[in-house]
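Have a look at the structure below, then the notes.
The values are calculated or read from the model by the stated rules, or taken from the named source; none is laboratory data. As the structure is a computational prediction, the values presented were derived from the model and not from experiment. Here the Cβ positions follow ideal geometry from the backbone for every residue, glycine too, while neighbour counts run over all protein chains shown. Accessible surface is based on the protein model in full, side chains and every heavy atom, while ligands, DNA and RNA are left aside. Shrake-Rupley method; radii C 1.70, N 1.55, O 1.52, S 1.80 Å.
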Amino acid sequence: MPTLEEQRFDELIAADARVEPRDWMPEGYRKTLVRQISQHAHSEIIGMQPEANWISRAPSLKRKAILMAKVQDEAGHGLYLYSAAQTLGTPRDEMFQALVDGTAKYSSIFNYPTLTWADMGAIGWLVDGAAICNQVPLCRASYGPYGRAMVRICKEESFHQRQGFEILLELMNGTDAQKAMAQDAVDRWYAPSLMMFGPPDGDSPNSQQSMAWNIKRFSNDDLRQRFVDMLVPQAEALGVTLPDPDLRFNEQTGHYDYGQLDWDEFHEVLAGRGPCNGQRLAHRRKAFEDGAWVREAAAAYARTQAQLEKV
Ligand code: FAQ
């Protein structure tokens, strides 16, 4: 016999209503949300690094200003998301520790290197494009603070995607060397961006329960398909080739069939053995240590203010 609290929670989910921080929720629901939201926050924060690599080498002042604004947006997304996760009772320090210990995950995509300026275009177009496809449905996630944070994040991601598309478009209208650079970046980022949606549905242990709780609204494969269908006409407009010989329109399904992804590579990256995993975590740890004086100064200031208020 379910308790009254359990009944109320089940009713909220059945009515597709929002669960708020003070509502009772099953422990599994809370844990799933902390896992997904903190992983998402870590992804935004670690995700600043591949692009930050090009801020000082952007080809013009305008490109530098745009790239800096984008990377700052990612910091903001990370902060909203950590705040949303904190409403579930998990302290921020604990989430940070799990990231630097390697016990918490962040998106596989941020463990690939950014070798040329065209990678800024490919990240915006493909990585932010995949992020939007995955995240627009999360605006309707049943947990209120998560869904509301996603609304603003998705608006900003949509600008990010357009700026990436525009970088590639400009390169594709340029010299042969610029065209080759754009194509090379698309060749390297395409498959990893498809893996951002997670393992195939048959190997996704969390999907079913997360969908039953209205956290995830679509399965990993459904979203991946939606992304591929969206990319094909955009690639045609850009004049780039998507690096998949098996990609073709299927008249029967009305969707593009695509080739097998290298799931061994995905699991290697998740296990910490991707091209940049070590570098990304070392950099995050160092940034935290370098910021110690700011935290100490802020705490000292807060103490002084509190004492002044007493007198
Ligand atoms: N990378 O059972 P499922 C961005 C893990 S966008 C690493 O299918 P779930 C914007 C998964 O956590 C990127 N790990 O899991 C940006 C689970 O492990 P666990 C971030 C992955 O949660 C753009 C295990 O595999 N976006 O940052 C990945 O139901 C440009 C089994 O998988 C989000 O996080 C992966 N790709 O579905 C920033 C969106 N895929 O936890 C800077 C929110 C799966 O049991 C520059 N998250 N795993 O140990 C989600 O929608 C979901 O969590 C999925 C995974 C779809 C990622």
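So if I check each of F288, F218, F227, F266, which one is within 14 Å of the ligand (Cβ to nearest atom), aromatic (F, W, Y) and open to solvent by 40 Å² or more (accessible area, probe 1.4 Å)?
Going through F288, F218, F227, F266 in turn, the sole match is F218.
Would you tally the residues in the stretch 47-69 being open to solvent by less than 10 Å² (accessible area, probe 1.4 Å), part of a helix (DSSP H, G or I) and either at pLDDT below 95 or within 8 Å of the ligand (Cβ to nearest atom) (or both)?
Qualifying residue count, the stretch 47-69: 2.
Which of the residues spanning the stretch 162-180 are of a type outside the set (G, A, S) and surrounded by fewer than 22 Cβ atoms within 10 Å (Cβ to Cβ)?
Within the stretch 162-180, R162, Q163, F165, E166, L169, E170, M172, N173, T175, D176, Q178, K179 qualify.
Looking only at the stretch 195-206, which residues are surrounded by fewer than 19 Cβ atoms within 10 Å (Cβ to Cβ) and either of a type in the set (V, I, T) or within 20 Å of Y106 (Cα to Cα) (or both)?
P199, P200, D201, D203, S204, P205, N206
State yes or no: is L308 open to solvent by 60 Å² or more (accessible area, probe 1.4 Å), of a type outside the set (G, A, S) and touching a Ser or Thr at 6+ places or on another chain (Cβ under 7 Å)? Break it down into steps so the answer makes sense when it comes.
Working: open to solvent by 60 Å² or more (accessible area, probe 1.4 Å): yes; of a type outside the set (G, A, S): yes; touching a Ser or Thr at 6+ places or on another chain (Cβ under 7 Å): no.
Criteria not met by L308.
With the stretch 118-201 as the region, which helices (runs of 4 or more DSSP H) entirely inside it contain at least 2 residues that are modelled with pLDDT of 95 or more and among the basic types (K, R)?
Details: elements: 118-122, 128-135, 144-172, 176-195.
Of the helices (runs of 4 or more DSSP H) lying wholly inside the stretch 118-201, those with at least 2 residues that are modelled with pLDDT of 95 or more and among the basic types (K, R) span 144-172, 176-195.
Of these, I123, I153, which one is open to solvent by less than 10 Å² (accessible area, probe 1.4 Å) and in contact with a Ser or Thr (Cβ under 9 Å, 6 or more places away or on another chain)?
Unique residue meeting the criteria: I123.
Cβ contacts < 7 Å: first residue among the polar types (S, T, N, Q), restricted to the stretch 71-90; second residue surrounded by fewer than 19 Cβ atoms within 10 Å (Cβ to Cβ) and at pLDDT below 95, any location; separation 6+ or different chain. Result?
These pairs meet every condition: Q86/R92.
Of everything in the stretch 89-115 that's surrounded by fewer than 19 Cβ atoms within 10 Å (Cβ to Cβ) and in a loop (DSSP other than H, G, I, E, B), which residue is nearest to the chain's Cα centre (by Cα)?
My answer is K105.
For residues that are in contact (Cβ under 8 Å) with a residue 24 or more places away in the chain, more than 8 Å from the ligand (Cβ to nearest atom) and not hydrophobic (A, V, I, L, M, F, W, C), tally how many sit in the stretch 195-215.
Total meeting the criteria: 3.
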